[in-house]
Amino acid sequence: MHGLTEPTNADLLRRGRAARAGWLALGLMLVAIGFIGIFVPLLPTTSFMVLALPCFARSSPRLEAWLLNHPRFGPGVRAWRAEGVVPRHAKIAACIGMALGFGLFWLHVRPGPLLACAVAAFMLFWAIWIVRRPEPGVSG
């Protein structure tokens, strides 16, 4: 190991701060996209909040608590964290949103058959994944 030295405590602390700052920036970006989703159809607000949660867990306990206790997003985020559940209304909304999104894609982009099939397969995969998630209060 010629030329390699052990990192100093200052190096580790600096890396830790940089990592926390990166996680914080990513979490804030995801929350911002989630807030945009409140006003833009087809953009899944709660999904972005769920993605922001582990970012805040690694960077800001205060923002993590804010998200978990938020009156609108908190229940869904807490349910996902605790049990990985997706409410039925969210499953329906996600599938309708994906279908509408694919329809708009088809109309406006006019993709070739290969691209259309690839996008449809991608959306179908995620629709099946969402539908197969357990629902709150449903065992088994």
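Given Ala57, Ala52, Ala94, which one is within 22 Å of Met29 (Cβ to Cβ), among the aliphatic types (A, V, I, L, M) and touching a Pro at 6+ places or on another chain (Cβ under 9 Å)?
None of the other options fit; the residue is Ala94.
Checking Cys55 against (1) within 16 Å of the chain's Cα centre (by Cα); (2) more than 17 Å from Arg133 (Cα to Cα); (3) in the same structural domain as Ile130 (by TED's automatic domain parsing): exactly one of these is not met. Which one?
(3)
Would you kindly identify the helices (runs of 4 or more DSSP H) lying entirely within segment 46-120 that contain at least 2 residues that are surrounded by 14 or more Cβ atoms within 10 Å (Cβ to Cβ) and in contact with a strand residue (DSSP E or B) (Cβ under 7 Å, 6 or more places away or on another chain)?
Ranges flagged: none.
Select from segment 71-92 the residues that are in contact (Cβ under 8 Å) with a residue 12 or more places away in the chain and not aromatic (Phe, Trp, Tyr) and list them in ascending order.
Selection gives Gly76, Val77, Ala79, Arg81, Glu83, Gly84, Val85, Val86, Pro87, Arg88, Ala90, Lys91.
The values are calculated or read from the model by the stated rules, or taken from the named source; none is laboratory data. Since we're looking at a predicted model, the values are computed, not measured. Virtual Cβ from ideal backbone geometry, glycine too; neighbours counted across all protein chains shown.
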